[in-house]
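Visitor: Below is the structure I would like to discuss, written out as structure tokens.
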Amino acid sequence: MGQIEIRGLSIDYRKPKSDETFTAVENVSLSIEKGSFVTIVGSSGCGKSTLLMAIAGLIPRARGSIQVDGKEVSKPGPDRAMVFQDASLLPWRSVHANVRFGLELQRWTRDDIDERAMRYVRMVGLGAFADYHPHQLSGGMRQRVNIARALAVDPDVLLMDEPFGALDAQTREVMGDELLRIWERDKKTAIFVTHAIDEAIFLGDRVVVMGRNPGHIRDVVDIDLPRPRTAVMLDSPAFVAYRKRLREYIAADMQSLQMVEDVV
Amino acid sequence: MTRLYLRHQTALSALASFAVIILVWQLAVDLGYVKAFFVSTPTRIAAEFMRQLQTGELAANVSVSLFEFVVGLALAVAAGGALGVLASWSRTFEHVLEPFIWFKYSSPTIAFYPIFVAWLGLGEPTIIAIAFLFAVTPIYANTLSGIKHADPDLVRAAQSFGARRRDVFLKIALPGSAPLLIAGLRLAVGRALTGVVAAELFGATAGLGFSIAYYGQKLRTTEMMTSLVVVILLGVVLTQLLASLEARVDFWRTGPGR
Ligand SMILES: Nc1ncnc2c1ncn2[C@@H]1O[C@H](COP(=O)(O)OP(=O)(O)O)[C@@H](O)[C@H]1O
Ligand SMILES: [Mg+2]
């Protein structure tokens with residue numbers, strides 16, 4: 001049994017200005033091993049964020065169950081930490097104080113909180129920028145702060161929702177490399193949402209492919225590439241084969257979307 | 001040199017137009033186009049200013065008005081801030097207050113003056129009450145809207161770390177609304193000063209508004225206008241003070257993007 005067990009999960013949203021509900025995620029079951037790196041790909045709107053936020057305990061579920069270490073998830077907990085796509089940093093706080101934020105909220109003892117925050121600021125390579133404010137940082141640096149904030153609270157599970165989605169391709173690759181370097185240290189369970197196929201293969205032990213209408217899991221692909229992963233692998237035959245396979249899924253999904261829009 | 005000129009261009013043009021007005025004013029009277037009785041002159045006002053400074057009349061008036069201003073503003077900040085916070089916590093409370101706020105917005109505050117005279121008598125308590133009434137609305141409105149419109153992305157991030165309602169209020173809503181709170185304070189400062197002077201015009205025994213009314217009734221234009229100039233100076237200084245505070249609190253919104 002995995003560390004995270006999702007069974008028959010469905011999530012409904014209320015439609016705007018009506019009492020009807022709309023199913024964003026339907027009948028998702030997934031088992032995630034402790035210490036594995038799982039990536040989730042799928043076209044926009046297929047419920048990736050919804051699934052992740054449900055695991056984080058931020059949104060209620062309609063049916064099914066989510067268990068982390070055998071405990072049913074009902075609200076956010078210190079065993080899980082989330083990295084959001086857009087810089088959800090407090091603009092009036094410095095880099096260091098932003099990393100402190102999660103520690104403060106989880107009521108870590110006052111004495112080591114500053115030092116601990118600083119350690120994670122350094123870990124993501126921002127030691128020289130500890131006193132900077134978010135508006136003085138590049139997009140990539142802001143996401144480093146975001147990641148440091150999540151890691152600092154020492155979660156068992158790290159949930160990342162397209163953390164590099166707003167970055168340029170170059171920065172994205174560098175950030176992916178660094179994320180893996182940090183992850184290899186203590187191999188926390190990681191769930192990483194992206195819509196970039198290469199990123200999903202490069203980072204993941206397994207790639208979960210989601211489709212839409214309503215959001216569901218189409219396939220789970222085991223990525224059998226050695227670690228540590230390096231840029232050279234991007235052109236290896238195995239990688240190319242994974243890429244081809246995943247692209248076909250996404251293309252099929254886009255076609256179904258096209259049909260829906262044609263009908264409407 | 002050119003760059004320096006450009007940087008200070010607005011300040012320079014403002015200063016220049018100000019100097020022209022002073023000069024035209026002075027010359028219009030000196031050359032006999034306008035009687036000093038109607039408008040006095042800059043030199044007479046300057047001389048009267050020095051006289052009031054030496055006799056202590058100026059200090060006495062300023063301190064009385066400033067005292068009423070500070071007390072009225074402090075009460076407005078306390079009451080408006082507390083009500084704003086409560087209303088941001090409770091929908092019901094916000095709705096209960098709403099009619100009063102609309103009432104206040106759409107009615108001229110100074111019309112309440114006689115009621116306060118009836119309740120509190122002529123003089124200081126009434127003046128403070130009017131200043132309070134003038135200043136309380138922007139404090140309440142800005143506190144409420146600042147706290148209510150906390151950035152939902154930040155709230156969600158905080159909740160993902162297990163933030164409780166109190167944490168969201170103290171660590172997100174309050175600091176996030178600081179710029180709006182200061183903006184409300186800036187409005188309130190101007191309005192409290194207006195309230196003090198207006199109330200003093202009607203019934204007081206000291207203060208800048210009293211001085212304006214007193215000399216006005218005696219048709220002593222120079223003395224009256226001296227107090228007017230002091231009121232204007234006071235307003236400018238207070239507003240500038242708040243503007244610099246605003247810039248300091250707002251530093252994180254001045255950068256590119258966010
Ligand atoms: N708060 C919400 N209320 C109603 N519908 C929502 C809400 N959030 C997302 N949705 C809908 O749920 C579906 C899945 O959204 P999301 O999980 O954000 O997809 P993804 O992250 O894969 O792009 C979308 O159709 C979206 O419109
Ligand atoms: Mg999303």
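The values are calculated or read from the model by the stated rules, or taken from the named source; none is laboratory data. Every value quoted in this text rests on a predicted model; they were computed, and no experiment measured them. Using ideal geometry, Cβ is built from the backbone for each residue, glycine included, and neighbour counts are taken over all protein chains shown. The accessibility values were calculated without ligands, DNA or RNA, using every heavy atom of the protein model including side chains. Shrake-Rupley method; radii C 1.70, N 1.55, O 1.52, S 1.80 Å.
Visitor: Specify which of the listed residues (B:Arg253, B:Arg191) is within 14 Å of chain A (Cβ to nearest Cβ) and closer than 23 Å to B:Gly146 by Cα.
Guide: B:Arg253 is the lone residue from the list that is within 14 Å of chain A (Cβ to nearest Cβ) and closer than 23 Å to B:Gly146 by Cα.
Visitor: I would also like to ask the following. I need the full set of residues from the range A:66-83 which are small (Gly, Ala, Ser) and modelled with pLDDT of 95 or more, in order please.
Guide: Once the filter is applied, which keeps residues that are small (Gly, Ala, Ser) and modelled with pLDDT of 95 or more, the range A:66-83 yields only A:Ala81.
Visitor: Next up: So which strands (runs of 3 or more DSSP E) are wholly in the range A:32-130 and hold at least 3 residues that are surrounded by fewer than 18 Cβ atoms within 10 Å (Cβ to Cβ) and more than 11 Å from every other protein chain (Cβ to nearest Cβ)?
Guide: Output list reads A:63-68.
Visitor: Go through the residues of the range A:18-33 one by one and say whether even a single one is of a type in the set (D, E, K, R) and more than 16 Å from ligand 1 (Cβ to nearest atom).
Guide: Yes; the residues of the range A:18-33 include at least one that is of a type in the set (D, E, K, R) and more than 16 Å from ligand 1 (Cβ to nearest atom).
Visitor: OK, next. Pick from B:Ile172, B:Ile182: which is surrounded by fewer than 21 Cβ atoms within 10 Å (Cβ to Cβ) and either part of a helix (DSSP H, G or I) or among the acidic types (Asp, Glu) (or both)?
Guide: B:Ile182
Visitor: Does B:Thr222 meet the test of being of a type in the set (S, T, N, Q), over 30 Å from A:Gly77 (Cβ atoms) and open to solvent by 80 Å² or more (accessible area, probe 1.4 Å)?
Guide: no
Visitor: Next question. Considering A:Gly70, A:Gly42, which residue is in contact with a strand residue (DSSP E or B) (Cβ under 6 Å, 6 or more places away or on another chain) and either under 21 Å from A:Phe164 (Cβ atoms) or more than 10 Å from ligand 2 (Cβ to nearest atom) (or both)?
Guide: A:Gly42
Visitor: Tell me whether the range A:36-56 contains one or more residues that are away from ligand 1 (no atom under 16 Å from the Cβ) and in contact (Cβ under 8 Å) with a residue 40 or more places away in the chain.
Guide: Yes: one or more hits.
Visitor: Has the range A:71-82 got any residue that is of a type outside the set (A, V, I, L, M, F, W, C) and within 9 Å of ligand 1 (Cβ to nearest atom)?
Guide: No: zero hits.
Visitor: Right, another one. Looking at B:Ile139, B:Ile128, B:Ile147 in this structure, which one is over 20 Å from the mean Cα position of the chain (by Cα) and open to solvent by less than 70 Å² (accessible area, probe 1.4 Å)?
Guide: On inspection, the qualifying residue turns out to be B:Ile147.
Visitor: Turning to a different aspect of this structure: Among the residues of the range A:1-21, write down those that are assigned to a strand (DSSP E or B) and either open to solvent by less than 80 Å² (accessible area, probe 1.4 Å) or within 16 Å of ligand 2 (Cβ to nearest atom) (or both).
Guide: Selection gives A:Ile4, A:Glu5, A:Ile6, A:Gly8, A:Leu9, A:Ser10, A:Ile11, A:Asp12, A:Tyr13.
Visitor: Something else about it: Is it true that A:Val207 is modelled with pLDDT of 95 or more, surrounded by 19 or more Cβ atoms within 10 Å (Cβ to Cβ) and in the same structural domain as A:Lys48 (by TED's automatic domain parsing)?
Guide: Yes; evaluated as a whole, the condition is true for this residue.
Visitor: If you don't mind, there's one more thing I want to ask. I'm checking my understanding of the structure. Among residues of the range B:150-163 that are of a type in the set (Gly, Ala, Ser) and within 7 Å of chain A (Cβ to nearest Cβ), which one is surrounded by the most Cβ atoms within 10 Å (Cβ to Cβ)?
Guide: Once the filter is applied, the top-ranked residue is B:Ala157.
Table: residues versus (1) in contact with a Leu (Cβ under 9 Å, 6 or more places away or on another chain); (2) open to solvent by less than 10 Å² (accessible area, probe 1.4 Å).
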| residue | (1), (2) |
| --- | --- |
| A:Arg142 | yes, no |
| A:Ala148 | yes, yes |
| A:Glu162 | no, no |
| A:Ile182 | yes, no |
| A:Lys187 | no, no |
| A:Phe192 | yes, yes |
| A:Ile197 | yes, no |
